[in-house]
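Take a look at the structure below.
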Amino acid sequence: MVFKSKFCDLGFAKVDIDRKRRKGFAEVIYCPGKTKTHLKGITRQLIKNKQDLLLTRLPKATFLYLKKSIPKLKYNSLARLGYFLQKQKLTGKPEVTVISAGTADIPVAEEAAVTLEVMGNKVIRLYDVGVAGVHRLMQNIEVLKKAGVIVVVAGMEGALASLVSGLVRAPVVAVPTSCGYGANFSGLSALLTMLNSCSPGIAVVNIDNGFGAGYFASLINK
């Protein structure tokens with residue numbers, strides 16, 4: 001069997017314009033390592049083929065450069081995401097709740113939340129509700145119980161994902177962050193805690209990968 005898929009060969013990139021049909025969302029552009037010229041060429045090709053745009057880890061200076069040729073391009077500086085939608089469609093499915101353990105974890109949580117919104121999901125944010133003050137989380141227990149999917153973003157020891165998963169029936173997507181002191185090992189301790197959770201129903205993405213968590217949670221929610 002020959003696998004046929006549409007892509008545009010720009011020389012420096014082969015832009016996958018068939019991904020929305022296969023996966024439900026267009027190819028997402030990871031910006032680090034690409035020049036401004038590369039990004040401009042890729043975004044132009046996606047727009048030409050009526051694709052939505054989502055650019056991750058996008059520096060503000062590069063966003064301002066791209067906005068000159070894409071006036072409708074939007075930017076979330078906290079999440080470092082640029083995006084442009086051909087047509088916004090919100091799903092009728094339950095909301096996805098995005099939780100951050102601490103304020104320092106919010107940039108990664110926002111990356112997940114904005115990714116979810118761009119992909120058409122309704123999002124509820126609960127930030128700075130970590131285990132050091134668990135009463136902050138418990139005050140929102142009814143919100144958690146109504147969620148279709150929950151994304152938990154936590155650094156330090158990463159215990160929040162296990163706690164949340166033990167309270168709800170929804171699947172939990174856990175995101176370890178690099179926030180923490182020396183023995184946190186730039187997120188490794190949080191990653192291992194989440195991987196070793198005794199609470200079933202948790203899937204773990206890579207350290208600081210808010211985008212991956214948002215994308216995966218969106219697939220579950222739909």
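Quick note: the coordinates plus some simple rules give every number you see, no bench work behind them. Keep in mind the model is a prediction, meaning the values are calculated, not measured. Cβ coordinates were reconstructed from backbone atoms using ideal geometry, including for glycine residues, and neighbour counts include every protein chain displayed.
Tabulated data
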| quantity | calculated |
| --- | --- |
| Loop trypsin sites (Lys or Arg not before Pro), segment 74-171 (other Cβ atoms within 10 Å of the site Cβ: 12 or fewer; DSSP) | LYS87, LYS89, ARG169 |
| Inverse mean reciprocal Cα-Cα distance (Kirkwood Rh) of segment 7-84, Å | 12.5 |
| Per-residue Cβ neighbour rank within 10 angstrom, fewest leading, VAL205, VAL164 | VAL205, VAL164 |
| Fewest-first ranking of GLU142, GLU111, GLU157, using other Cβ atoms within 10 Å as the exposure measure | GLU142, GLU157, GLU111 |
| Segment 96-221: projected area of the alpha-carbon convex hull, averaged over directions, in nm² | 6.3 |
| Segment 96-221: relative contact order as a whole-number percent, Cα under 8 Å and 6+ apart | 29 |
| At least 15 Å along the helix axis (C-alpha) and Kyte average at least 0.0, DSSP helices within the chain | 106-118, 210-221 |
| Relative contact order (percent, whole number), segment 33-113, Cα cutoff 8 Å, 6+ residue spacing | 26 |
| Label-point separation, ALA61 to VAL143 (7 Å along Cα→Cβ), nm | 3.7 |
| q = 0.07, 0.09 Å⁻¹: log10 I(q)/I(0) that the Debye formula gives for the chain, counting C-alpha atoms only | -0.23, -0.38 |
| Relative contact order of the chain, defined on C-alpha pairs under 8 angstrom at six or more residues apart (%) | 15 |
| Taking CYS198, CYS8 and counting other C-beta atoms within 10 Å, the order from fewest to most | CYS198, CYS8 |
